[in-house]
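Trainee: Sharing a structure below in structure tokens format, with a few things to ask.
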Amino acid sequence: LTHNIDVIRAMAPNSCTWAAIKANGYGHGLLPVANALASQADGFGVARLDEALKLRAGGVVKPILLLEGFYSADDLPAVVAHNLQTVVHGEEQLLAFEHATLAHPVTVWLKIDTGMHRLGVHPDDVSDFIERLNACPNVAKPLHFISHFGRADEPEHPLTQQQIDVFTSLTASQSGFKSLAASSGTLMWPTSHFDFVRPGISLYGVSPVSERTGADFGLQPAMTMTSS
Ligand SMILES: *Cc1c(COP(=O)(O)O)cnc(C)c1O
């Protein structure tokens, strides 16, 4: 893990790194992975609040980002209490912030759907979300921006450059941090690195593309499985 994050960071030398350790550290163990990467990752990305709470309970003090945000307004007090950062990808989460009374403002990453069509705010709605989040006292300023690629694991796929262009134009006038690349963007699309890269599968030594192995990128397997 420590070798792999070095290799990955060297590919994006001007960016900070959120190490994606959701899904029990991709099966390697949430806390063991967090502890192994603690000095090299700038922070950790998890999918669910309970994963973030396990990290905090295990002594992890680095920044933690909820990559899919929170599920209900009831989660917000824990987000505040444990100093978590969260994605906002839709109206429900925005309304939760607007209606909450929180002890401290929360660092928010507005997720833009630049073309993957899984989670995120439609480009037409981004300026409205920015305005409302900026007007909301529960949201720390400046606002940060995040998006996710749909086909960056296909080296020639035109969607990737389109997503970079959409993300760039929607966030150009914004002062907050920007983050677009997961493993495939980090290793293969240098113009997608922005302020934070978010490697997951590559940390564990696995290539994010089918045509190349982890070793082709200088990565080493973090797990060995044997069977009879
Ligand atoms: C899982 C995830 C990542 C890491 O993706 P890999 O392809 O495993 O590198 C990055 N960002 C988000 C939002 C994720 O959900």
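The values are calculated or read from the model by the stated rules, or taken from the named source; none is laboratory data. Please read all numbers here as calculations on a predicted model, not as lab measurements. Note that each Cβ is placed from the backbone with ideal geometry, even for glycine, and that neighbours are counted across all protein chains shown.
Trainee: Within segment 171-203, track down each residue that is in a loop (DSSP other than H, G, I, E, B), under 20 Å from Gln161 (Cβ atoms) and either within 15 Å of the ligand (Cβ to nearest atom) or in contact with a helix residue (DSSP H, G or I) (Cβ under 6 Å, 6 or more places away or on another chain) (or both).
Mentor: Leu180, Ala181, Ala182, Trp189, His193, Phe194, Asp195, Arg198
Trainee: Right, here's the next one. Residues of segment 136-165 being surrounded by fewer than 13 Cβ atoms within 10 Å (Cβ to Cβ) and either in contact with a His (Cβ under 7 Å, 6 or more places away or on another chain) or closer than 22 Å to Thr86 by Cβ (or both), which ones?
Mentor: Hit for segment 136-165 is Pro137, nothing else.
Trainee: Another question, then. Does Thr226 satisfy the criteria of being touching a Ser or Thr at 6+ places or on another chain (Cβ under 9 Å), away from the ligand (no atom under 13 Å from the Cβ) and in a loop (DSSP other than H, G, I, E, B)?
Mentor: no
Trainee: Regarding Asp153, is this residue of a type in the set (D, E, K, R) and within 13 Å of the ligand (Cβ to nearest atom)?
Mentor: Answer is yes for this residue.
Trainee: Here are the criteria: (1) modelled with pLDDT of 95 or more; (2) within 20 Å of the chain's Cα centre (by Cα); (3) surrounded by fewer than 22 Cβ atoms within 10 Å (Cβ to Cβ); (4) not small (Gly, Ala, Ser). Tell me which single one Thr101 does not satisfy.
Mentor: (2)
Trainee: While we're looking at this one, here's another question. Is it the case that segment 204-217 has a residue that's within 13 Å of the chain's Cα centre (by Cα), within 11 Å of the ligand (Cβ to nearest atom), crowded, with 17+ Cβ neighbours inside 10 Å and β-branched (Val, Ile, Thr)?
Mentor: no
Trainee: A further question follows. If we scan segment 31-40, do we find a residue that is within 16 Å of the chain's Cα centre (by Cα), surrounded by 15 or more Cβ atoms within 10 Å (Cβ to Cβ) and either among the hydroxyl-bearing types (Ser, Thr, Tyr) or closer than 21 Å to Lys178 by Cβ (or both)?
Mentor: Within segment 31-40, not a single residue is within 16 Å of the chain's Cα centre (by Cα), surrounded by 15 or more Cβ atoms within 10 Å (Cβ to Cβ) and either among the hydroxyl-bearing types (Ser, Thr, Tyr) or closer than 21 Å to Lys178 by Cβ (or both).
Trainee: Here is a follow-up. Of the numbered conditions (1) in contact with a helix residue (DSSP H, G or I) (Cβ under 7 Å, 6 or more places away or on another chain); (2) within 16 Å of the ligand (Cβ to nearest atom); (3) β-branched (Val, Ile, Thr), Thr160 satisfies every one except a single condition; which is it?
Mentor: For Thr160, the exception is condition (1).
Trainee: Being modelled with pLDDT of 95 or more, more than 16 Å from the ligand (Cβ to nearest atom), under 18 Å from the mean Cα position of the chain (by Cα) and assigned to a helix (DSSP H, G or I) is the requirement here; does Val61 meet it?
Mentor: no
Trainee: Restricting to segment 71-120, give me the number of residues that are among the hydroxyl-bearing types (Ser, Thr, Tyr) and not in a loop (DSSP other than H, G, I, E, B).
Mentor: Matching residues across segment 71-120 total 1.
Trainee: When you check Asp50 against the structure, is it of a type in the set (D, E, K, R), more than 17 Å from Tyr204 (Cβ to Cβ) and either surrounded by fewer than 16 Cβ atoms within 10 Å (Cβ to Cβ) or within 14 Å of the ligand (Cβ to nearest atom) (or both), yes or no?
Mentor: yes
Trainee: OK, next. Can you tell me which of (1) within 15 Å of the ligand (Cβ to nearest atom); (2) aromatic (Phe, Trp, Tyr); (3) assigned to a helix (DSSP H, G or I) is the one Phe145 doesn't meet?
Mentor: If we test Phe145 against (1) within 15 Å of the ligand (Cβ to nearest atom); (2) aromatic (Phe, Trp, Tyr); (3) assigned to a helix (DSSP H, G or I), just (3) comes out false.
Trainee: Sticking with this one: Within segment 121-135, identify whether any single residue is over 17 Å from Leu76 (Cβ atoms), within 16 Å of the ligand (Cβ to nearest atom) and surrounded by 19 or more Cβ atoms within 10 Å (Cβ to Cβ), and answer yes or no.
Mentor: Checked against the condition, which is being over 17 Å from Leu76 (Cβ atoms), within 16 Å of the ligand (Cβ to nearest atom) and surrounded by 19 or more Cβ atoms within 10 Å (Cβ to Cβ), segment 121-135 yields at least one hit.
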